[in-house]
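To keep things clear, I will list the structure first and then write my remarks on it.
The values are calculated or read from the model by the stated rules, or taken from the named source; none is laboratory data. Keep in mind the model is a prediction, meaning the values are calculated, not measured. When we count neighbours, we look across all protein chains shown, and the Cβ atoms used for this are built from the backbone with ideal geometry, even at glycine.
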Amino acid sequence: MMKENSAIVRQALPSESCRIEILHKKAFPKDFLCDWIFLSPLVSRYISKVIEEGDFTQKYPEFFTVNLAGNLAGYVNAKIYGESLSINYLAVAPEFQRQGIAKQLLAYLLEECQNHHIKKISLDVDINNEAGLSLYKQLGYEIKQSKFLYEIPIDYFGTQKCSFEVKNWLEAEAWQYSYGFSYIMLSVNNSGLLKIGRLGNDYWRIPDYSCLKDDRLTYALKSIEPNRLKIFVRSDRIISDLPNQPINFLNLQKII
């Protein structure tokens, strides 16, 4: 636990899940909601479940909060991968910004990393987030890579017919029903398994642009759930032949 200027940083409580969701949506513009769990209509249920069952030493997302005078001032969501910690989201309520809250959250995470022998912290930040970039650089984070997130209408792609099979449909359906997002493991023309996310009610999430070069994948996705009309796809480079401008992120890292 850490205390500074009457602000207390600690592990989040399950009862704070709804407040975390509200704080996040106040702190970030809508474009930031597209990449992960906050697109789900049931995100607070998922956060509560993670807080109840997660463990910082295991591969679960983790939530920590800053409380100031009885108010939820900020939170951070992070996840361990081997000997590195990935920060998924860090948000500060608008009324508590520019009071050192983000710096306190990062200092708390650094202490946790040292206690658990974590050697590296990484995060993605929007290229237009000047305040965030300035803070991270001040604290010793370095830019390592650019990333691009595209939102694409599924009708943009062709629909060549194919054979396909979902390998984990029951499990994926259970997650979708419980939390509003899930992954499916999809085999297209026996070409190996693709892990594809389902977000909210309308979106697919593709982790690798190269998967989309085969328009049989689009046919499969339309056949499985025709109501999902858009695809989010990540890329490490600008893709000139896609519609819509990407959201540009920078990957920052800090060696501990």
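Restricting attention to region 198-238, which residues are farther than 16 Å from residue 145 by Cβ, among the β-branched types (Val, Ile, Thr) and over 18 Å from the mean Cα position of the chain (by Cα)?
Taking region 198-238 as the starting set, the residues that turn out to be farther than 16 Å from residue 145 by Cβ are 198-206, 210-233.
When the remaining residues are screened for being among the β-branched types (Val, Ile, Thr), the result is 206, 218, 224, 231, 233.
The answer is 218, 224.
Filtering region 212-256 to residues that are over 30 Å from residue 133 (Cβ atoms) and among the charged types (D, E, K, R) leaves 213, 214, 215, 216, 222, 225, 228.
Condition check ((1) in contact with a helix residue (DSSP H, G or I) (Cβ under 7 Å, 6 or more places away or on another chain); (2) in a strand (DSSP E or B); (3) at pLDDT 95 or above) across all residues:
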position	(1), (2), (3)
132	no, no, no
136	no, no, yes
144	no, yes, yes
148	no, yes, no
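Among the criteria (1) assigned to a loop (DSSP other than H, G, I, E, B); (2) small (Gly, Ala, Ser); (3) modelled with pLDDT of 90 or more, the one residue 158 does not fulfil is (3).
Once region 176-223 is narrowed to residues that are in contact (Cβ under 8 Å) with a residue 24 or more places away in the chain and among the aromatic types (Phe, Trp, Tyr), the residue that is farthest from residue 154 (Cα to Cα) is 179. Hey, does region 134-144 have a residue that's in contact (Cβ under 8 Å) with a residue 40 or more places away in the chain, surrounded by fewer than 17 Cβ atoms within 10 Å (Cβ to Cβ) and on the phi > 0 side of the Ramachandran plot? Among the residues of region 134-144, at least one is in contact (Cβ under 8 Å) with a residue 40 or more places away in the chain, surrounded by fewer than 17 Cβ atoms within 10 Å (Cβ to Cβ) and on the phi > 0 side of the Ramachandran plot, which makes the answer yes. Taken over region 201-256, the criterion of being of a type in the set (Phe, Trp, Tyr) and out of contact with any Ser or Thr (no Cβ under 9 Å at 6 or more places or on another chain) is satisfied by 203, 204, 232.
Got a sec? Which of 184, 256 is under 29 Å from residue 17 (Cα atoms) and either among the aliphatic types (A, V, I, L, M) or modelled with pLDDT of 90 or more (or both)? So the residue among 184, 256 that is under 29 Å from residue 17 (Cα atoms) and either among the aliphatic types (A, V, I, L, M) or modelled with pLDDT of 90 or more (or both) is 184.
Taking into account only those residues within region 56-77 that are of a type in the set (Ser, Thr, Tyr) and at pLDDT 95 or above, which is surrounded by the fewest Cβ atoms within 10 Å (Cβ to Cβ)? Give the derivation first.
At the first step, the residues of region 56-77 found to be of a type in the set (Ser, Thr, Tyr) are 57, 60, 65, 75.
Remaining after also requiring at pLDDT 95 or above: 65, 75.
On the way: 65: 21, 75: 27.
Among them, the one singled out is 65.
Just the residues that are modelled with pLDDT under 80 and either of a type in the set (Phe, Trp, Tyr) or touching a strand residue (DSSP E or B) at 6+ places or on another chain (Cβ under 8 Å) (or both), please, taken from region 13-38. Walk me through it before giving the result.
Within region 13-38, the first condition is being modelled with pLDDT under 80, and the residues that meet it are 29-36.
Listed by number, the residues that qualify are 31, 32, 34, 35, 36.
The strands (runs of 3 or more DSSP E) falling completely within region 174-256 that include 2 or more residues that are buried (at least 18 other Cβ atoms within 10 Å of the Cβ) and among the aromatic types (Phe, Trp, Tyr) map to 203-206.
In the set 171, 151, only one residue is closer than 30 Å to residue 216 by Cα and touching a residue at least 12 places away in the same chain (Cβ under 8 Å); that residue is 151.
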